[in-house]
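Participant: Just dropping this structure here.
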Amino acid sequence: MNGGGKVVCVTGASGYIASWIVKLLLLRGYTVKGTVRDPEDQKKTGHLLALDGAKERLKLFKANLLDEGSFEQAIDGCDAVIHPASPVSLTVADPQAELIKPAVMGTINILKTCTKVSTVKRVIITSSMATILFPKSPIKPNDFVDETTFSDPSVCEEEKQWYILSKTLAEDAAWQFAKANNIDLIVMNPGLVIGPILQPTLNFSVDVIVDFINGKNLFNRRYHRLVDVRDVALAHVKALETPSANGRYIIDAPIVTTNDIEKVLREFFPDLCIAEENEDIDIISMTYNVSVEKVKNLGIEFTPTETSLRDTVLSLKEKCLV
Ligand SMILES: NC(=O)c1ccc[n+]([C@@H]2O[C@H](COP(=O)([O-])OP(=O)(O)OC[C@H]3O[C@@H](n4cnc5c(N)ncnc54)[C@H](OP(=O)(O)O)[C@@H]3O)[C@@H](O)[C@H]2O)c1
């Protein structure tokens, strides 16, 4: 047990990745102060309250990214804050109100509160590969990508990639605020996350696998990178527990093809039919080379994509979501 006596706030605790972070923290002996928009909503909180250790060491607080100061009670007395809460959607009517404002304002609200709570020693934000893959000069197949690459907001805007823009602006605002206010900030940059779900409903990235099961290749991609939620959650916890951890951490998986995905899914759905594209026609080619040395040095060993896919389907079946 690493966390005995330590208190960690996890924002958006009922979300896909956050639920796994809460689970790992509880297993490692931490006390967790989780934030949710509505603590009375059993559908959002039931799976958290049922986790091992939750009865003794999990408390849920009401907080909304858009309400200034609403995270104060949850952050009060914490040793660290992990901040995954952010809207995740590619289809919105009003990008500013639905994505950008909550992502950026929420991040600054939380960091502002952290500056007022002297016990908070480290803040870990869940950013995304999205904040890396859209720099001013486009990433080409076989280019090398590491933590020094930053997406450019004007590129995201030109491409009308509002989710990517929200994450890029939020991460940028976080680095600026942390620098100005001397906050020990660490940023995690995962690729598309799959793996078993703890929450009862589908989240965006696991829904991509449900799409495959339904014969749809959402991004029209031939190449994919699918990282396991358990590795992503553990990376957050390792970043918390490793005093020398710093800066950004790419958490991305090796390339797999649509065929590779299909092969695993066919074990469960023999009649599966996925329309495959002849080439990668998404806005970004997934055939970039990526450095994951930094996160491996935190002690992360990546789960093979095949295992993640199998475990995703098993959990979807168990929850009657496919
Ligand atoms: N899944 C991926 O493939 C992936 C990849 C890279 C990065 N990320 C990042 O990882 C984080 C978690 O994503 P996820 O996949 O776990 O998605 P998720 O399950 O949709 O979780 C998002 C969380 O944000 C909360 N949230 C949204 N708007 C909010 C608001 N206004 N106030 C308070 N909370 C709000 C949601 O609360 P409700 O439950 O109340 O809606 C939910 O708990 C996000 O920052 C996302 O950008 C995800």
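Participant: Which residue is nearest to the ligand (Cβ to nearest atom), if the candidates are limited to the stretch 57-88 and must be assigned to a loop (DSSP other than H, G, I, E, B) and of a type in the set (D, E, K, R)? Let's see the steps before the verdict.
Facilitator: Going residue by residue through the stretch 57-88, those that are assigned to a loop (DSSP other than H, G, I, E, B) are 63-71, 76-79, 84-88.
So of that shortlist, the ones also of a type in the set (D, E, K, R) come out as 67-68, 76, 79.
Working: D67: 8, E68: 12, D76: 18, D79: 21 Å.
Among them, the one singled out is D67.
Participant: Continuing with this model, one more query. State which residue is farthest from the ligand (Cβ to nearest atom) when the search covers only the stretch 2-11 and only residues that are open to solvent by 10 Å² or more (accessible area, probe 1.4 Å) and at negative phi.
Facilitator: Checking each candidate, the answer is G4.
The rows are residues; the columns are (1) at pLDDT below 95; (2) assigned to a loop (DSSP other than H, G, I, E, B); (3) within 13 Å of the ligand (Cβ to nearest atom); (4) buried (at least 24 other Cβ atoms within 10 Å of the Cβ).
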| position | (1), (2), (3), (4) |
| --- | --- |
| A13 | no, yes, yes, yes |
| V22 | no, no, yes, yes |
| L26 | no, no, no, no |
| V32 | no, no, no, yes |
| T35 | no, no, yes, yes |
| D38 | no, yes, yes, no |
| T45 | no, no, yes, no |
| D52 | no, yes, no, no |
| K55 | no, no, no, no |
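Participant: Looking at the stretch 234-256, which of its residues are charged (D, E, K, R) and either open to solvent by 10 Å² or more (accessible area, probe 1.4 Å) or not in a loop (DSSP other than H, G, I, E, B) (or both)?
Facilitator: Correct list: K238, E241, R248.
Participant: Find the residue count for the stretch 108-144, including only residues that are part of a strand (DSSP E or B) and modelled with pLDDT of 95 or more. Spell out the reasoning first.
Facilitator: Taking the stretch 108-144 and keeping what is part of a strand (DSSP E or B), we get 122-126, 144.
Those left that are additionally modelled with pLDDT of 95 or more: 122-126.
The total comes to 5.
Participant: While we're on this one: For the stretch 180-202, give me each residue that is open to solvent by less than 30 Å² (accessible area, probe 1.4 Å) and either part of a strand (DSSP E or B) or near the ligand (Cβ under 8 Å from one of its atoms) (or both).
Facilitator: As a first pass, look at the stretch 180-202 and keep what is open to solvent by less than 30 Å² (accessible area, probe 1.4 Å): 185-191, 193-197, 199.
Matches in the stretch 180-202: L185, I186, V187, M188, N189, P190, G191, V193, I194, Q199.
Participant: Run down K136, K121, K101, K116 and say which single residue is touching a residue at least 60 places away in the same chain (Cβ under 8 Å) and open to solvent by 20 Å² or more (accessible area, probe 1.4 Å).
Facilitator: K121
Participant: All but one of (1) in a helix (DSSP H, G or I); (2) away from the ligand (no atom under 11 Å from the Cβ); (3) of a type in the set (A, V, I, L, M, F, W, C); (4) under 28 Å from T45 (Cβ atoms) hold for F212, so report the exception by its number.
Facilitator: (4)
Participant: Any chance the stretch 262-270 includes a residue that's within 26 Å of F134 (Cβ to Cβ), away from the ligand (no atom under 11 Å from the Cβ) and either modelled with pLDDT under 90 or out of contact with any helix residue (DSSP H, G or I) (no Cβ under 7 Å at 6 or more places or on another chain) (or both)?
Facilitator: Pass one, the stretch 262-270, residues within 26 Å of F134 (Cβ to Cβ): none.
Checked the stretch 262-270: no residue is within 26 Å of F134 (Cβ to Cβ), away from the ligand (no atom under 11 Å from the Cβ) and either modelled with pLDDT under 90 or out of contact with any helix residue (DSSP H, G or I) (no Cβ under 7 Å at 6 or more places or on another chain) (or both).
Participant: I'd like the residue in the stretch 148-179 that is closer than 19 Å to A239 by Cα and open to solvent by 30 Å² or more (accessible area, probe 1.4 Å) and, out of all such residues, is nearest to the ligand (Cβ to nearest atom).
Facilitator: Taking the candidates together, the pick is W175.
The values are calculated or read from the model by the stated rules, or taken from the named source; none is laboratory data. Fair warning: this is a prediction, and the values are worked out from it, not measured in the lab. Counting neighbours? That spans all protein chains shown, and the Cβs are built from the backbone with ideal geometry, glycine included. Areas reflect the complete protein model, heavy atoms only, side chains present, ligands, DNA and RNA absent. Shrake-Rupley method; radii C 1.70, N 1.55, O 1.52, S 1.80 Å.
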